[in-house]
């Protein structure tokens, strides 16, 4: 059973030692390495990095980075051997529960690569809405993204 916990320095070393992603996800590998997401977000005071612990093994991690105005940015990375096995849905759900547990958070947003339709379908199935497009430079290359977000009501339903 997967649960989320705060990341430790030992976890960071383990993640940076994960094998490379399969070819289908190779563009995402930078997030796991030196100067990737772990290094970037560990420096941000309002960011939490959460380990998806599955029986004592790190199945992945997520990031909830709070911003002014009740918004939080969401990121997720899975162990390369866990991609495409439904783990992303579980980790996303648990991360959203954690993110919205702060009552000042009204919206969680993310960006998803245009060339990752599987992830986009996952987020749409969880009631994220497409809010536009953007381009970001990743490792010196322009990458096209969809912007998506979900608010507390869309996540919990009308009773939120």
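Readers should treat all values here as calculations from the given coordinates under stated rules, not as data from a laboratory. From a predicted model like this one, the values you see are computed outputs, not experimental measurements. Here Cβ is always computed from backbone atoms with ideal geometry, including for glycine, and neighbour counts include all displayed protein chains.
Observations
- Burial ordering of 135, 1, 126, 148, fewest other beta-carbon atoms within 10 Å first: 1, 135, 126, 148
- The spacing between region 53-81 and region 83-109, judged by their C-alpha centroids, is 8 Å.
- Pairwise label distance in nanometres, residue 104 with residue 42, each label 7 Å out on the Cα-Cβ vector: 2.5 nm
- Calculated from the alpha-carbon coordinates, the chain shows an Rg and a Dmax of 15.0, 45 Å respectively.
- The largest-to-smallest principal axis extents of the Cα set in region 1-50 are 32, 29, 17 Å.
- Considering only 12, 111, 138, the mean-square fluctuation computed in a Gaussian network model of the chain, springs between alpha carbons under 10 angstrom, is largest for 138.
- Using alpha carbons only: equivalent-ellipsoid semi-axes of region 64-140, gyration tensor based, whole Å: 20, 17, 12
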